[in-house]
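Beneath this line is the structure, given in structure tokens, with notes to follow.
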Amino acid sequence: MKNIFLALLFVSPFLNAQKINVKDTTSVELETLFVTANRTASLRRETPVAISKLTAKTIDETKAVSLFEIVNKTPGVVMVNLGNEQHMMAIRQPMTTNAYYLYLEDGLPIRPLGIFNHNALLEINTFNLQSIEVVKGPVSSIYGPEAVGGTLNLISQKPSFYPEFKFGIQANQWGYHRIQAAVGATVGKIGFHITGISSIQENSWMTYSDYSKDNLNIRVDYNINDNTRLISSTMIGKYFSDMSGGVNEDDFRHRNYKSNSDFTYRKSEALRTRLTLEHDWNAHASSYFTMYHRDNKLGQNPSYGIRWSATKNPTSATGEVNSNNFKSYGAVGQHTQKFDFWNTTMVSGASYDFSPVNYWSYLLRLKANLNPGNPGQQTVNNYEIIAEHPEVKLANYTANIYNTAVFEQISFTPFKNTIGTIGARYDAMKIDYENSLDHSSGSKTYDKFTFKAGINYNPIKTAGFYINYSQGFSPPNITSIFRAKSGTGGNTGVAAEFYYNLKPATFENYEVGGWVNLIKNKLNFDYAFYYMDGKNELLNVRLLDNSTDYRSAGETDHKGIELGFNYKPENQWNIRMGGTVAKHRYIDFLLSDNTADILQNLKGYEMPQAPRWSGNTEISYYPNWFPNFRAAIEWQAVGSYYQDQINTAKYEGYNIFNARVGYTYKNIEFYGNVMNVTDKLYAHNSGRGNSTNSQTNYIAAAPRTFLMGLQYNFCLKK
């Protein structure tokens with residue numbers, strides 16, 4: 001990676017400086033073009049879904065260390081920071097690691113269907129982002145399964161027309177520092193953009209939480225002629241992180257940020273490359289065809305894999321080491337055709353993906369060194385590895401995944417100021433597998449037809465509303481299917497049993513929303529009311545030893561209101577507010593089939609880790625008396641939520657404040673962020689099992705953090 005930066009630095013002397021104005025664009029604009037919702041460029045008034053766009057200006061001014069700092073500015077979204085760019089998500093769902101979100105990079109899924117990873121976005125290079133589009137609610141009929149709670153499309157930087165070069169460094173007082181660089185230009189018919197980052201975390205506020213990350217993004221555009229373009233892009237990423245895990249109640253309250261393991265880790269190597277041919281047949285027709293390849297290697301000794309019980313054998317525990325590797329070979333084709341009749345646009349397409357995968361996991365024997373306490377209420381001071389048992393497999397399978405899909409969407413204007421949208425998609429996922437633990441082999445198929453329909457009505461230029469019905473679909477992840485059930489396999493003496501009968505989750509979403517644009521575009525307001533019914537949701541039951549059992553829930557429902565507000569009274573000020581009020585509950589969920597258990601069905605109970613409300617507000621100031629200076633204060637709020645499924649323990653939620661300042665002098669930008677200004681004690685996430693002896697695990701948030709940065713921006717204009 002150092003050679004990459006030396007090469008980029010070599011280019012800089014040939015590029016002249018050009019002053020950049022930090023106030024060039026607005027951070028929220030309802031009439032901005034969106035691509036994600038309809039697969040084609042469309043205005044907000046033409047889009048019958050809840051969609052938000054985080055612009056280049058917002059991304060640039062945030063100066064984020066991790067992606068969650070940017071994404072959480074979206075109304076209705078809580079991207080949960082699990083440390084060192086690891087994450088989980090909450091969009092029209094509780095905070096979850098389940099496969100109910102679709103992560104796209106320039107419109108292409110980062111992971112194939114069946115191999116969802118809630119940490120997939122840690123592979124993203126934030127310095128390479130041009131914008132982020134967030135669609136809330138199911139868009140399975142457009143992009144396919146897993147597009148249920150929400151879809152994030154991370155749109156990369158394109159080649160600049162004029163030669164440009166950027167180089168920056170940033171660091172905080174907790175041992176984090178990052179170097180980043182980008183270079184781009186267009187020469188004749190060829191344009192290129194290259195971006196690299198290298199991040200290191202050492203000796204942080206949390207013990208055993210070091211990490212390193214290197215990313216390189218390369219894009220080359222070849223304009224064959226005025227109507228035809230060939231675009232290639234490649235991402236190479238390498239990541240390694242200690243996995244400190246959470247802390248217990250006593251350590252959390254006393255700010256004893258001490259990991260109880262010094263051996264857990266997560267590592268990742270990723271390669272994604274694609275080649276796209278675009279062609280405009282005429283003013284009414286265009287097509288593209290993309291071929292792509294993915295190569296991912298993920299290895300872990302996960303902190304979440306540690307299993308310990310305070311009541312059975314409190315000085316003994318188990319852990320695991322696992323490896324999940326896959327490759328993908330695929331293609332996507334799409335054609336867009338416009339007709340004069342009813343101003344109709346038709347988008348048709350098909351995709352194919354072949355992804356061979358292999359996965360194994362083996363047992364670790366651990367010793368649990370306890371803190372003083374009453375029997376049954378003790379906590380672990382630290383774990384240590386007693387023995388590794390590669391021969392004792394917890395999972396061991398290979399599989400070939402074949403994903404095939406066809407989709408169609410039509411938008412039309414039957415009446416003045418009225419736009420109708422209809423979309424449909426058919427997905428088929430076939431898995432050919434060999435499970436070494438039970439010496440079985442076979443095939444499983446999950447297929448589904450999904451549908452959407454929506455209407456936009458814009459009676460005046462400054463206001464409009466929409467109604468929308470959409471379906472979502474998510475088959476079980478294959479790591480869920482082929483992992484031995486708790487209490488079976490391994491060293492239990494019981495033959496391994498598996499989750500072969502897990503059902504795909506299905507969702508129906510009903511939505512009404514709208515937008516208002518007032519005071520000559522100075523005030524923008526948008527809203528959405530939604531109700532989503534889920535059947536066979538794949539949910540985790542936390543057991544006494546901290547392991548999980550997978551259950552396909554009978555039925556759940558999710559309902560809420562999402563609000564976004566942006567006010568720009570003058571060019572010096574910008575006020576942005578956004579948030580959601582929501583409720584997520586079980587309609588029918590069989591928790592236990594043991595007649596001796598008092599509570600067997602969670603009907604009517606709220607789902608855990610599901611805040612009733614959350615929001616993000618930011619006030620930005622760009623003083624006329626001090627040109628090229630900016631300052632902002634941000635308020636992030638997350639309401640209380642139940643930590644367990646039986647609704648006996650709650651986390652109070654949190655309110656924190658972040659501050660950001662920046663100043664640009666000619667081609668040099670100086671900036672500083674203060675995260676958690678008041679040094680508040682809070683947790684990004686907390687959860688516990690359903691037993692009375694269960695103990696809460698807190699993913700502690702960082703104390704007050706000061707980030708400083710310096711960046712050079714060069715642009716050669718002829």
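For this structure, a couple of remarks:
- Heavy-atom accessible surface of segment 546-685: percent carbon and sulfur, 1.4 Å: 58 percent
- Spin-label proximity, residue 340 to segment 267-305 - amide N less than 17 Å from point 7 Å beyond Cα toward beta carbon: 282-285
- Relative contact order, whole percent, for segment 309-408 stands at 33, derived from Cα pairs under 8 Å and 6 or more residues apart.
- Only Cα pairs under 8 Å and 6+ residues apart enter the sum, and on that basis the relative contact order of segment 371-469 stands at 22 percent.
- Using alpha-carbon coordinates, inclination of helix 2-11 to the longest axis of the chain, degrees: 10 degrees
- Rolled with a 1.4 Å probe across the full set of protein chains, the surface gives residue 688 an accessible area near 50 Å².
- Remark: the chain carries 41 Å² of accessible area per residue (probe radius 1.4 Å; ligands, DNA and RNA excluded).
- Added length on full extension, which subtracts the Cα-Cα distance from 0.36 nm per residue, residue 385 to residue 523: 43.8 nm
- Cross-link reach list, aspartates and glutamates versus residue 568, counting only Cα pairs under 18 Å and skipping chain neighbours closer than eight places: 24, 29, 31, 61, 526, 618, 634
- Sites residue 716 and residue 285, calculated FRET efficiency, Cβ-Cβ separation with R0 45 Å, nearest 0.05: 0.75
- Given [x] 31; [y] 34; [z] 42, the label whose value is percent of Cα pairs over 40 Å apart derived from this model: [x]
- Part-to-part distance (alpha-carbon centres) for segment 252-321 and segment 182-220, which is given in Å: 18 Å
- In this calculation the C-beta distance from residue 692 to residue 225 is compared with R0 = 60 Å, giving a FRET efficiency of 0.25.
- When the C-alpha to C-alpha distance is required to be over 27 Å, the pairs from 166/238; 452/520; 559/680; 430/485; 53/327; 63/680 that qualify are 452/520; 559/680; 53/327.
- Taking every C-alpha pair closer than 8 Å and separated by at least 6 residues, the mean separation divided by the residue count of the chain gives a relative contact order of 12 percent.
- Segments 438-450, 62-74 sorted - mean Cβ within 10 Å per residue, highest first: 62-74, 438-450
The values are calculated or read from the model by the stated rules, or taken from the named source; none is laboratory data. Keep in mind it's a predicted model, so treat the numbers as computed, not measured. Positions of Cβ are backbone-derived with ideal geometry, glycine not excepted, and every protein chain shown enters the neighbour counts. The accessibility values were calculated without ligands, DNA or RNA, using every heavy atom of the protein model including side chains. Shrake-Rupley method; radii C 1.70, N 1.55, O 1.52, S 1.80 Å.
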